[in-house]
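What follows is calculated from the coordinates using simple rules that are stated; it is not laboratory data. Quick caveat, the model's predicted, so the values are computed rather than measured. Heads up, the Cβs are rebuilt from the backbone with ideal geometry, glycines too, and the neighbour counts pull from every protein chain shown.
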Amino acid sequence: MQLLRNLGHQVETLSTLRSYNRDGDPAQEAGTAMAATREIERLAAAWQANPATRPDLLFTYHVYHKAADYLGPALKQRYGLPYVIAEPSVAPKREHSPWAAGYAQAARAIRSADILLPITALDRICLSAFAGADKVHPFPPFLDHQAFAAAAAQHDRHRRVVAQRFGLAPGQPWLLAVGMMRAGDKMASFLRLAEMLALAMDTDWQLLLVGDGPERRAVAQAFAFASDRVRFSGQLEAADLPGIYAACDLYVWPAINEAYGMALLEAQAAGLPVLSVNTRGVPDIVHHGETGWLTTDAQPESLATALRDLLKDTTRRQNMARAAIEHVEAHLSMVAAQRRLQDIFARSGLPA
């Protein structure tokens with residue numbers, strides 16, 4: 001929304017209807033469809049009473065089988081409004097699954113959209129075959145990088161502050177991981193990280209884990225073998241994170257089943273090279289050998305070997321740190337995203 005406003009658009013939230021259906025419950029999906037019908041009629045009545053309030057363009061995001069868009073396709077059809085979806089994805093294997101109804105509606109929305117803005121190469125390939133390559137425009141994830149870049153410029157000061165705050169030894173390499181401690185893929189990544197570090201106990205490192213959640217105790221148990229090396233910060237304010245990223249030496253995260261990992265982007269923006277896995281959308285934001293290192297698989301042995309190599313090579317990490325800052329600013333920043341979207345809108349004949 002901020003990006004669109006920066007381009008001069010007036011942005012308003014059309015509806016707060018939430019369609020997320022975690023388990024594919026048919027009754028819940030039917031309820032969402034009924035609620036959407038009421039929302040559409042509410043909007044229609046409001047626009048009829050005051051035509052000036054009708055928008056020029058519909059913009060939504062993250063449409064897939066668990067979170068279908070019921071409003072956009074219907075409003076586009078009724079009013080002929082341009083319709084844009086950011087972060088769409090389609091998985092044909094879900095057509096015959098508990099999410100069949102959600103898949104069908106998400107497919108309808110994706111096919112009816114004028115512009116699709118996928119954030120990963122995997123989504124781009126599938127969407128091009130599904131909805132037509134002409135409407136698919138790559139749009140990698142982005143962030144406002146300025147606070148992170150400013151923190152990187154004050155690395156020494158932030159290192160002193162973080163060392164005192166969390167009891168880390170300034171002379172040792174600091175590893176960092178940031179994530180919600182919840183069941184599922186996040187917990188799987190924490191467990192894999194613990195397995196990896198258990199194999200690298202012969203290497204000098206300390207680990208700072210940032211985050212909290214219902215699985216905090218289970219995460220602590222997983223790292224109990226290295227309790228003298230691991231620090232837990234708990235949940236922190238967003239304003240604290242740039243300095244913490246900038247103070248550390250290497251961001252470590254197995255990224256199991258993650259689309260791409262926003263923390264990987266934040267780390268690079270602050271000049272922190274990344275150690276992760278060449279999976280799903282991770283290589284879309286981490287350039288292997290340039291801004292970080294991506295193992296070919298998520299096995300603990302592969303990750304531990306890469307960790308040892310990176311911790312031994314300070315010059316390589318420093319080169320990656322500089323490249324990461326430059327890469328984010330040039331390609332994954334708010335400014336870069338604004339240029340990209342403005343160009344896409346202009347080429348598609350939409351208000352730029």
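Could you size up the charge dipole of segment 87-200 around its Cα centre, putting +1 on the beta carbon of Lys and Arg and -1 on that of Asp and Glu, and report it in debye to the nearest 20?
Values: 13 positive and 9 negative charges, 62 e Å.
Charge dipole of segment 87-200: 300 debye, to the nearest 20.
Convex hull volume of the Cα atoms in the chain, per residue, in Å³? Walk me through the intermediate numbers first.
Working: hull volume 50.5 nm³, N = 352.
So the per-residue hull volume is 144 Å³.
By how many nm would the segment from residue 77 to residue 52 lengthen if fully extended, with 0.36 nm per residue of separation less the alpha-carbon distance?
Values: separation 25, 0.36 × 25 = 9.00 nm, distance 1.90 nm.
Roughly 7.1 nm would be gained on extension.
Scan the chain and hand back the longest stretch that contains none of the GluC sites (Glu not before Pro) lying in DSSP loops with at most 10 other Cβ atoms within 10 Å.
Details: sites that count: 12, 237.
Result for the longest clean stretch: 13-236.
Over its Cα atoms, what ratio of radius of gyration to 2.2 N^0.38 Å does segment 260-352 give?
Numbers: Rg = 15.7 Å, N = 93, 2.2 N^0.38 = 12.3 Å.
Dividing the Cα Rg of segment 260-352 by 2.2 N^0.38 Å gives 1.27.
Amide H to amide H under 5 Å from residue 236: which residues, 5+ apart in sequence or cross-chain, H placed 1.01 Å off N in plane?
Under 5 Å from the amide H of residue 236: 211.
Just to be sure I understand the model, the point goes 7 Å from the Cα along the line to the Cβ. What's the resulting residue 305 to residue 7 distance in nm?
Distance between the two pseudo-spin positions: 4.5 nm.
Please list, in chain and number order, the residues 5+ apart from residue 58 or on another chain whose amide H is under 5 Å from its amide H, with Hs placed from the backbone.
Under 5 Å from the amide H of residue 58: 83, 84.
Put +1 on the Cβ of every Lys and Arg and -1 on every Asp and Glu Cβ in the chain; which of 225, 306, 288 then has its Cα farthest towards the positive end of the dipole?
Looking along the dipole axis, the top candidate is 288.
Only four residue types carry charge here, +1 at the Cβ of Lys and Arg and -1 at the Cβ of Asp and Glu. Report the dipole size of the chain about the Cα centre in Debye, rounded to the nearest 20.
Numbers: 35 positive and 36 negative charges, 94 e Å.
Around 440 debye, computed over the chain.
In segment 13-85, how does Rg compare with the Kirkwood Rh, expressed as the Rg/Rh ratio over alpha carbon atoms? Before the final figure, lay out the partial values.
On the way: Rg = 12.7 Å, Rh = 13.0 Å.
Value, to two decimals: 0.98.
Which aspartates and glutamates have a Cα lying under 16 Å from the Cα of residue 186, excluding residues fewer than 8 positions away in the same chain?
By straight Cα distance, residue 186 reaches 195, 212, 215, 258.
Using only the Cα atoms, what convex hull volume per residue in Å³ does segment 162-234 have? Walk me through the numbers on the way to the answer.
Numbers: hull volume 5.4 nm³, N = 73.
Enclosed volume per residue, from the Cα hull, is 74 Å³.
Full extension from residue 297 to residue 180: what is 0.36 nm times the residue separation minus their Cα-Cα distance, to one decimal in nm? Present the calculation step by step, with values, prior to reporting the outcome.
Working: separation 117, 0.36 × 117 = 42.12 nm, distance 2.27 nm.
Contour length minus Cα-Cα distance gives 39.8 nm.
Once you have the Cα-Cα distance between residue 95 and residue 17, take 0.36 nm times their residue separation minus that, and quote the gain in nm to one decimal.
Details: separation 78, 0.36 × 78 = 28.08 nm, distance 2.34 nm.
Gain on extension, residue 95 to residue 17, equals 25.7 nm.
Mind giving me the FRET efficiency for residue 326 and residue 226? R0 is 56 Å, r the Cβ-Cβ distance, nearest 0.05 is fine. List each step's numbers first, then the result.
On the way: r = 34 Å, r/R0 = 0.60.
Calculated value: 0.95.
Using only the alpha carbon atoms of segment 164-312, find the Kirkwood hydrodynamic radius as the inverse mean reciprocal pair distance, in angstroms to one decimal. Don't skip to the end; give the middle numbers.
Details: mean 1/r = 0.0663 Å⁻¹.
Computed over segment 164-312, the radius equals 15.1 Å.
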